[in-house]
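The values are calculated or read from the model by the stated rules, or taken from the named source; none is laboratory data. All values derive from a computational prediction rather than experimental measurement. Positions of Cβ are backbone-derived with ideal geometry, glycine not excepted, and every protein chain shown enters the neighbour counts. Please note that ligands, DNA and RNA were not included when accessible areas were found on the heavy atoms of the full protein model with its side chains. Shrake-Rupley method; radii C 1.70, N 1.55, O 1.52, S 1.80 Å.
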Amino acid sequence: MSIILASNSPRRKELLRFIFQDFLVQPANIDESIPKDIPLELSAEYLAKLKAIKVAEEYPNDTIIGCDTIVLHNNIILGKPTSTNDCFNTLKSLSNSIHKVITGVCIVSNSRVTSFSETTEVSFYDLTDEEILNYISTGEPFDKAGSYGIQGYGSLLVKEIHGDFFNVVGLPISKLNRILKNMILN
């Protein structure tokens, strides 16, 4: 039996190595549209389930870990920026405010499906336009939900967090580790 990460995120791969040295990576090709009847706070978990179940169809004898992370601010999901202007506007909206980073995780193993969401509140400093533009010029925000990476230059924007730091990076590794141990023991 193999462990398969249903994500191509370099950050998730790095974090999962804290638990497993050897695992496969098989990103799920799914429609990431969220149905209107799914509460925003559960949308990451919903997508994580779709990803894990999709990959489990191809690898039914393995343990699949699906993940999805959203940034939720003022009841709006902030995805990856589509342009420099979109990135600037997203970061401007996060300036001097608190937002939630929610990561959904789903584990499919031996026909069992277990999923959870982890939420971390992140507060940004009151950012000047120059600070935002300097951050954008690093190129870092363009492949990240919410237009920033807390583990890189984006850390300079963050005033404080309440919750799991690694959740903001993209994988609540400690909680995942405990759930996987419980699944394996039972």
Which pairs have Cβ atoms under 7 Å, sit 6 or more apart or on different chains, and link a residue in the range 125-143 that is in contact (Cβ under 8 Å) with a residue 40 or more places away in the chain and open to solvent by less than 90 Å² (accessible area, probe 1.4 Å) to one that is of a type in the set (Val, Ile, Thr) and in a helix (DSSP H, G or I)?
-> 136/84
The number of residues in the range 1-32 that are open to solvent by less than 30 Å² (accessible area, probe 1.4 Å) and assigned to a loop (DSSP other than H, G, I, E, B) is 4
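For the range 142-176, enumerate the residues that are in a helix (DSSP H, G or I), closer than 19 Å to residue 7 by Cβ and not aliphatic (A, V, I, L, M).
142, 143, 146, 165, 166, 167, 174, 175
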Scanning the range 144-186 residue by residue, the ones that are closer than 18 Å to residue 90 by Cα, charged (D, E, K, R) and buried (at least 17 other Cβ atoms within 10 Å of the Cβ) total 1
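For residue 60, indicate whether it is over 16 Å from the mean Cα position of the chain (by Cα), at pLDDT 95 or above and either of a type in the set (D, E, K, R) or surrounded by fewer than 17 Cβ atoms within 10 Å (Cβ to Cβ) (or both).
Working: over 16 Å from the mean Cα position of the chain (by Cα): yes; at pLDDT 95 or above: no; either of a type in the set (D, E, K, R) or surrounded by fewer than 17 Cβ atoms within 10 Å (Cβ to Cβ) (or both): yes.
When the stated conditions are applied, residue 60 does not pass them.
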Among the residues of the range 121-137, is there at least one that is modelled with pLDDT of 95 or more and under 15 Å from the mean Cα position of the chain (by Cα)?
-> yes
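State all residues of the range 88-120 that are small (Gly, Ala, Ser) and either modelled with pLDDT under 95 or over 23 Å from residue 76 (Cβ atoms) (or both); if no residue qualifies, say none. So that I can check it myself, show each step before the final result.
To start, the set of residues in the range 88-120 that are small (Gly, Ala, Ser) comprises 93, 95, 97, 104, 109, 111, 115, 117.
The answer is 109, 111, 115.
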By residue number, the members of the range 63-94 that are assigned to a loop (DSSP other than H, G, I, E, B), open to solvent by 20 Å² or more (accessible area, probe 1.4 Å) and either hydroxyl-bearing (Ser, Thr, Tyr) or more than 30 Å from residue 19 (Cβ to Cβ) (or both) are 74, 75, 82, 83
Tally of residues being among the small types (Gly, Ala, Ser) and either more than 23 Å from residue 171 (Cβ to Cβ) or free of Cβ contacts under 8 Å to residues at least 12 places away in the same chain (or both) across the range 74-121 = 5
